[in-house]
Every structure is written in C-alpha cells, then in structure tokens.
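The values are calculated or read from the model by the stated rules, or taken from the named source; none is laboratory data. These figures come from a predicted structure and were not determined experimentally. Heads up, the Cβs are rebuilt from the backbone with ideal geometry, glycines too, and the neighbour counts pull from every protein chain shown. Accessible surface is based on the protein model in full, side chains and every heavy atom, while ligands, DNA and RNA are left aside. Shrake-Rupley method; radii C 1.70, N 1.55, O 1.52, S 1.80 Å.
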Amino acid sequence: MARHRTGAAATDVAAHAPGAAGAHDDARAPLPAPASLQLGAGLRPQFPILNQTVNGHPLVYLDNAATSQKPRAVLRALSDCYEQYNANVHRGVHALSARATQEYEDARAKVATLIGARNCREVVITRNATEAINLVANTWGVQNIKPGDEIILSVAEHHANLVPWQLLAARTGAVLRHVRLTPDRTQLDMDHFRSLLSPRTRLISLVHVSNVLGAVLDAAYVAEQARAVGARLLLDCCQSVPHSCLDVSALGADWIVASSHKFCGPSGVGFLWGKYEVLEEMGPWMGGGEMIQDVFLDHSTYAPPPARFEAGTPAIAEAIGMGAAAEWLRELGMGRVHDYEQEIGTYLWERLTSLSPRITAYGPPPGDARSGGRGRASLVAFNVEGLHATDVSTLLDHAGVAVRSGHHCAQPLHRELGVPASARASAYIYNTAAEVDAFVDALKDTIQFFDDVHGA
C-alpha cells in the first residue's frame, strides 16, 4: 500500500507546479485512446460550466462521483420553474399552482421511467439518498427490527449507509454484521456474505457500486440470498443510477436510493424507490402538511404512499430539475451511457496504472473475471507512494484538474485498505480521452514536483 507523507512544501508552487517547464519525463509511453471514445466530445456543448479555465488551464472535471455537472436542459427546467410557474404544489386551484403540481408529478414519473419502476407511486421524493435511507430506518426499521435481529452491511459502505443503521441498532438492540473484502481487497467477499446469513437476518443494506473501489455488486445474487432467509434488501444506487441501465424490477431489491446531483440533476433532492406493497406497510416518519389524509385535534390519518413520506413543501424546482435530468439521460440512452463509461473508465484505469509503479489503484481491474460481466465504475481511487492524496489533489488543481481527495465518506473502507485517504478521478459522459491524458500528464508532473521538493 502507498506510504503516507504529510507536510509537502507549498513554496514556489507557481514555478514548479504541474504543467511548468522542467518536469522530468519518466513516464511510460501513453496508451492510444480508443477510437470509439466520441460521445463525450459531442455532449460537452450542453454543459456550459465545462467551458472555462482554472488556474490558467482548461478545466478538466474528474470529480463526477462526488457531483455531476448539469446540461442546459436541466438549467432551463430550473429557470422555467421560477420564471413561469413558481407556486406551491398540491395546494391551489389557480393556474400557476396547477402547472407546478403537474410538473412536479411529471418529474416523479420521469424518475420512475428511468429506473424501470412499475408505477410512479413507488417513487418517494426526498432531499437526497441519505434522507431516503434514514426514512427506511425510521419507518420500516423501527416497526420491524427487534432485539437480536441482524442487519447485514459491509465495510465498503458510504457513511450514509452505516450511521442510520448504527442509530437503529442502538435504539432496538439489533446486531450489525459487516461483509468484508476479498483477500486482495478489491471487492466484497460474497463467500463471507453468505456466511453471515442466518434466520436472524432481517435486513441487508449494501452499496450497488462502490464509490471507492468501483466494484459492482452482484445484486441479483444478493437478492436471491435475501429472499432465502426472508430478509429485506436495500441498495445504495447513488453510483449506479447515473451510469447504467437500471431496472428495479430485475434488481430484486425492496428499496433503492439515489441522489439527483449524481445524475445531472440539482442538489438538495433525491429519491427512494420501494415496492409499493412494502411502502404501504411503512408508517410515516415526519409529520406535517401533505402527508395527511385528515387531521383532528387528538389524532390524524395519513395519506397513502408516496405522499405519506413527503411532509411539508418539497424542493419543487429541484424535483422538476431532477425529472429533467432523468428525461435527458433516458433520451440519450442509458445503454450508450453505460457503454461509453466502460470504455473511458478502462482508458482511465490503464493510463493511470501504467504511469508509475508507485501508483496503487483500488478495486478490481477492468475485465476482472469475478465481475461476471458487470464491469466496473468509471472511477479510480488511487494513491502515490510517498505522497498524501490531498497534496496530490491540490497540485492537480493548479493544473486545472479537479479530482477528489480524502476518505470519500468511507472511513471504514480506507481503514481496511490500510490508508487514511485516497485521491479519486471519476469520469462521466462528457469527459474525453484527451482529458484523461491531461490528468495523467498533470499527475506525472505532480509526482516529479514533489520528488524535486523532497530531493528524491
């Protein structure tokens, strides 16, 4: 694993930063970009934010696993809402309110179509995926989890799929079990997962695509095992909804969650999808307007799903923007999105890992036989031996390259990997092979800069 060195010199950055003259060229010869990598260049004009310079360099945005950029169709949907029909939803008979309500409910239907839901009433609009998981924990979880019941999670989860269940376990006396990594620490160990299953297993909540490892869960297998022991299954699909042809009817989960800002939509909104019969079993979590049927002084009756879980005025414009993003992606074709990302993700992995033997990339390599043809996400978390991930990312920013650094809200996973942090480059549909090349060139210069500073 990469060594950890802190306190990198910050002096004379302008003279020696990536892209500056005098950097040594000790990298291997660059790999040729596949001729098929054409989709990204054609989409870039629809994303105005990408047309800018950062620190004197063209922006190379490779932080898409954290948040995606927004196409003009989404920006237009947001501005249209506020400029043409801004009003509260479900509350008025006047023209603006009726239009706002229709657009809001149309957005729900667009999300349902994107993920293959049977009915738009299976889609609950939330603030984000985190709120969606907490919603399940505080409704179905509180109603059904008893002392001694077991909840299976994994060491690779985002904190949002750990902390709510920790709170629930503390409240109910449930026991948390965690699927470990394979011996090579690249993906979840399905043999270990199977060993954790028991008649006491009540809930399984796992990440569909890891935001660090890029590994894709065998969701169908997990769903089959969950059914065998009578457990419910929740999948964190934040990194799969934006990048793959998702069909919730085929996944076999009882719930999935995702955040709009990951799939070209606005921030501050996301969704919970649940099988309708499961949603019907769940009592309300938050109380207030919209989620009620009738209110009396001493009791209330509640609306059916999804309204039961949408108390108060929602993020109307943001939800409409989420619907616009879902429609934009559907019209683009999620098959095209998936195929393109497999190609550019493979190119990113190969260019990065061929740059230097000092680089450790996490997760299974492209084409790993254990993936069963599921591929891997178009992201690569990595470390450079002798350098801290934040130092690397800071210098890359000087070259106009935006990547993530830190633990990516996955501290337990980084402990399993034996590192405090990693840098992460994550591509999306508007990224190009030329941008991957620019990132790798900047990383090469970054490594050389720190070697020069440290006298390596």
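Out of GLY141, GLY148, I need the residue that is modelled with pLDDT of 95 or more and open to solvent by less than 20 Å² (accessible area, probe 1.4 Å). Which one? From the options GLY141, GLY148, the qualifying one is GLY141.
For GLY312, the conditions (1) touching a residue at least 24 places away in the same chain (Cβ under 8 Å); (2) assigned to a loop (DSSP other than H, G, I, E, B); (3) touching a helix residue (DSSP H, G or I) at 6+ places or on another chain (Cβ under 9 Å); (4) farther than 23 Å from TYR430 by Cβ are fulfilled apart from (3). Restricting ALA402, ALA434, ALA421 to residues that are in contact (Cβ under 8 Å) with a residue 24 or more places away in the chain and closer than 25 Å to LEU162 by Cα narrows the list to ALA421. Against the numbered list (1) outside any helix (DSSP H, G or I); (2) over 30 Å from SER210 (Cβ atoms), GLY265 comes up short only at (2).
So, restricting to helices (runs of 4 or more DSSP H) that lie completely within the stretch 360-456, which ones have at least 2 residues that are aromatic (Phe, Trp, Tyr)? Qualifying helices (runs of 4 or more DSSP H): 433-454.
The number of residues in the stretch 422-456 being open to solvent by 20 Å² or more (accessible area, probe 1.4 Å), of a type outside the set (Ser, Thr, Tyr) and closer than 22 Å to GLU343 by Cβ comes to 4. Within the stretch 173-195, the only residue that satisfies the criterion of being buried (at least 18 other Cβ atoms within 10 Å of the Cβ) and in a helix (DSSP H, G or I) is PHE193. In the set VAL278, VAL241, only one residue is of a type in the set (Val, Ile, Thr), part of a helix (DSSP H, G or I) and open to solvent by less than 20 Å² (accessible area, probe 1.4 Å); that residue is VAL278. Do we find a residue being among the aliphatic types (A, V, I, L, M) and within 16 Å of ALA215 (Cα to Cα) anywhere in the stretch 356-364? Within the stretch 356-364, one or more residues are among the aliphatic types (A, V, I, L, M) and within 16 Å of ALA215 (Cα to Cα).
For (1) open to solvent by 50 Å² or more (accessible area, probe 1.4 Å); (2) more than 29 Å from ASP247 (Cβ to Cβ); (3) free of Cβ contacts under 8 Å to residues at least 12 places away in the same chain, each residue gets a yes or a no:
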residue	(1), (2), (3)
GLY40	no, no, no
THR53	yes, yes, no
ARG76	yes, no, no
ASN86	yes, yes, no
VAL89	no, no, no
SER97	no, yes, yes
ALA107	no, no, no
VAL124	no, no, no
